[in-house]
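The values are calculated or read from the model by the stated rules, or taken from the named source; none is laboratory data. Values in this document were obtained by computation on a predicted structure and should not be read as measured data. All Cβ positions, glycine included, derive from the backbone under ideal geometry; neighbour counts span all protein chains shown. Calculation scope for accessible area: heavy atoms of the full protein, side chains included, ligands and nucleic acids excluded. Shrake-Rupley method; radii C 1.70, N 1.55, O 1.52, S 1.80 Å.
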Amino acid sequence: MPNWVGKLPSDILKEIVLDNVNSFKKASTLIGAEIGEDSALIDLGFCVLSIHSDPITEARYHAGSLAIDVVTNDLAVTGVRPKWLILDILMPENSLYSSLNSIIEGAVKEAKRLNIEIIGGHTESTPGLTSPIIIGTAIGCSCKDCYTPTKNAKEGDLIFQINPAGLEGSAIIATDFREYAIKSGVPLNILENASEFINRISVLNQALELSDKRLVNSMHDPTEGGLLGGLYEIAYSSGHDIEIDQRKIFVEEETKIISEKLDIDFTKLISSGSILASIPPNKKEEAEKTLKNINTKYSIIGRVLNPSDNPKVILKNLERINYIDSPPQDEISRLWANKNE
């Protein structure tokens, strides 16, 4: 049996999942189950409905607020403002009610902050679980010409990295792997600072600012697999190679120190809190002005190249060129796998 943790390899995902579920598709479905797309888009006639589900499986602390931020980010990067949310919470057997209450309180607080209504869901105690699994489903509507699918990246587009990479991963390590990080030599003040990154996970307002001004061809939320995983999904979805200057990828100093001490690659560290945007060259200056006006850090890290039969990310630095032609394993997944061995 194959041993896999995290996202399925693209070819296996296509063979087992996508080819089966896409065997039946209604005409109203503009975007359904596709690699790299952040949400499904359905033409209702009077609007385009956007809907997406995402689980929180790699964090235990702050899981409630993360469940809200991660799934609503996925709608925001498609240019759709999330309005409603369904929350499914699966707790391990014999969990304390106080643990469930903590998850609910975190989720409700964040949903209120973002003006999103939690309209339902499911809560249960599930046999066999060692930690909670929280699945959020976000829903919103947009006008017919307002959405920005991942596949819309065009040849010549500039790739903007918006916000530092690895914010979510750093926060998870600072809480769920705190003792291991301390033993590995990460200073306590670095972990304290990194734990606060949890408050920077939502990109809703930044994504919608860019989308509302029609400055992007495509945006993507780099979650599992980190920045490299997100870049690969843009390449795969759009059918274009993407060239990246690795030296221009930026992270906070805390992420850099944690990565060095734990011997992990921050470009593969789960990166909710960042946006990858493909922006036409003629809109570069306006996009930069917009980001500066909302006090948002960014870096132009690469560009979209020619169409390709085998789309890949061409990762360049001073020493070598690497080719990313499949989803990389996320570093948090690897840490959990090692911890459970």
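Just one of I279, I201, I275 is more than 23 Å from S53 (Cβ to Cβ), surrounded by 17 or more Cβ atoms within 10 Å (Cβ to Cβ) and of a type outside the set (F, W, Y); which is it? It would help to see each step written out before you state the result.
Details: I201 fails: more than 23 Å from S53 (Cβ to Cβ); I275 fails: more than 23 Å from S53 (Cβ to Cβ).
Result: I279 is the single residue among I279, I201, I275 that is more than 23 Å from S53 (Cβ to Cβ), surrounded by 17 or more Cβ atoms within 10 Å (Cβ to Cβ) and of a type outside the set (F, W, Y).
Count of segment 224-282 residues, restricted to those that are under 21 Å from S211 (Cα atoms), of a type in the set (V, I, T) and part of a helix (DSSP H, G or I), is 1. Can you find a residue that is free of Cβ contacts under 8 Å to residues at least 12 places away in the same chain and either more than 26 Å from E110 (Cβ to Cβ) or open to solvent by 20 Å² or more (accessible area, probe 1.4 Å) (or both) anywhere in segment 46-56? Yes.
What are the residues in segment 105-118 that are touching a strand residue (DSSP E or B) at 6+ places or on another chain (Cβ under 6 Å), farther than 9 Å from L87 by Cβ and open to solvent by 50 Å² or more (accessible area, probe 1.4 Å), if any? E117, the sole residue that qualifies.
From the list L100, L90, L129, the lone residue that is part of a strand (DSSP E or B) and not small (G, A, S) is L90.
Each row is one residue, and each column tells you yes or no for (1) open to solvent by less than 10 Å² (accessible area, probe 1.4 Å); (2) at pLDDT 95 or above; (3) within 19 Å of the chain's Cα centre (by Cα); (4) more than 30 Å from I300 (Cβ to Cβ).
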residue: G120; (1), (2), (3), (4): no, yes, no, yes
residue: A138; (1), (2), (3), (4): yes, yes, yes, no
residue: K144; (1), (2), (3), (4): no, no, no, yes
residue: I162; (1), (2), (3), (4): yes, yes, yes, no
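Among residues of segment 315-341 being hydrophobic (A, V, I, L, M, F, W, C) and open to solvent by 20 Å² or more (accessible area, probe 1.4 Å), the one that is modelled with the lowest pLDDT is A337. When you check E155 against the structure, is it part of a helix (DSSP H, G or I), open to solvent by 10 Å² or more (accessible area, probe 1.4 Å) and either modelled with pLDDT of 95 or more or touching a Phe, Trp or Tyr at 6+ places or on another chain (Cβ under 9 Å) (or both), yes or no? Criteria not met by E155.
Go through L215, L208 for me and flag whichever is open to solvent by less than 10 Å² (accessible area, probe 1.4 Å), in contact with a strand residue (DSSP E or B) (Cβ under 9 Å, 6 or more places away or on another chain) and either closer than 20 Å to T78 by Cα or not in a loop (DSSP other than H, G, I, E, B) (or both).
One residue alone meets the criteria, L215.
The lone criterion from (1) assigned to a helix (DSSP H, G or I); (2) among the small types (G, A, S); (3) in contact with an Asp or Glu (Cβ under 9 Å, 6 or more places away or on another chain); (4) open to solvent by 10 Å² or more (accessible area, probe 1.4 Å) left unmet by S195 is number (3). Being modelled with pLDDT under 95 and touching an Asp or Glu at 6+ places or on another chain (Cβ under 9 Å) is true of L66.
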